[in-house]
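For reference, the structure discussed in these notes is given below.
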Amino acid sequence: MIDAKRKAMIFLTVAFILSVVTSVLVLNEVRSAQDSLGERTSVAVAASNIQPYSEINAEMIEWVEIPQADGFTSFIRDLSDVQDAVTIVQLQEGDLLTHNILRSAADIPQDHRIVWLNATPNVVMDQAVAAGDTVDIVVTSTSEETDLTTTRVFENVEVIQRDQGSEETANIKISLHINDAEQFIHFQNTADSIRVLLANQIQQTEDIPPEESESSEQLQSAEEDNETQDEENSNDNNDNNDEENNDEDNEDNEDEDDEGEDEE
């Protein structure tokens, strides 16, 4: 009888402890849900109808507040996220803007196209490349008429974008003239090897070709000669003015002498 009462007390104690722990956990979950519903965040929506591939600016969007949640990470929450961006779909007034429907606007000439240079077994990047760099592209290929040839096909090609990834397998996007883009795509499918060489941009800006340096020196010397000539001309003009003034003074003196003689 005593053992049965002891077991019953143990069971009751364990049940009470479990109920207290469960209550605490439930209250914590309720409080966290209330806190998440209470916090609000601002997201961007279309202020008016936006056509596809239109560049987004601050006047085209407005901000609305919605309850904060983990599932809203794709929404635009900051103005910097839409700078230099275009929308790839048509948006109606009040539609939410997300990262999935925005693309970076590439500032390239009208006759240029963006080409994806993906990392494949026949494409080797000798050094890590970032957006804004310039690269040279060397192609090694064979044909029925000639043996293995290696040629630098493109030089000082601008890198528009670099996808996230390791340095060895990174994919980049380059800007090429439309005719060069066709040729490069052909090489991507037929060439035995394509090497991407990072160009030395510091050397490109500091090193000036001899012809340009000579021309700049000639321009500088010509400017100095012009300045010297201008100074000489101004001095001659001053001398001429002085001589004219002296002549006028002499004429005035002669007139006064003539008048004096007439009075006598």
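Numbers below:
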item: Other-chain or far-sequence residues with amide H under 5 Å of V123's (modelled H); result: I194
item: Extension gain (nm, one decimal) between N49 and I88, 0.36 nm per residue minus Cα-Cα; result: 12.7 nm
item: Overall form of region 48-180 per C-alpha gyration tensor (a/c, 1.5; a/b vs b/c); result: prolate
item: Burial ranking of peptide ranges 120-131, 171-182 (average Cβ count within 10 Å, highest at the top); result: 171-182, 120-131
item: Between region 173-201 and region 74-88, the Cα center-to-center distance that results, in Å; result: 30 Å
item: A130 versus I114: modelled label distance in nm, points set 7 Å from Cα along the beta carbon direction; result: 1.9 nm
item: Kirkwood Rh and Cα Rg combined as Rg/Rh, region 3-101; result: 1.46
item: Pairwise label distance in nanometres, T98 with E62, each label 7 Å out on the Cα-Cβ vector; result: 2.3 nm
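The numbers here are math on the coordinates, done by the rules we state, and not lab data. This structure is a prediction, so every number in the text was calculated from the model and none was measured. Glycine also receives a Cβ, built like all others from the backbone with ideal geometry; neighbour counts cover every protein chain displayed.
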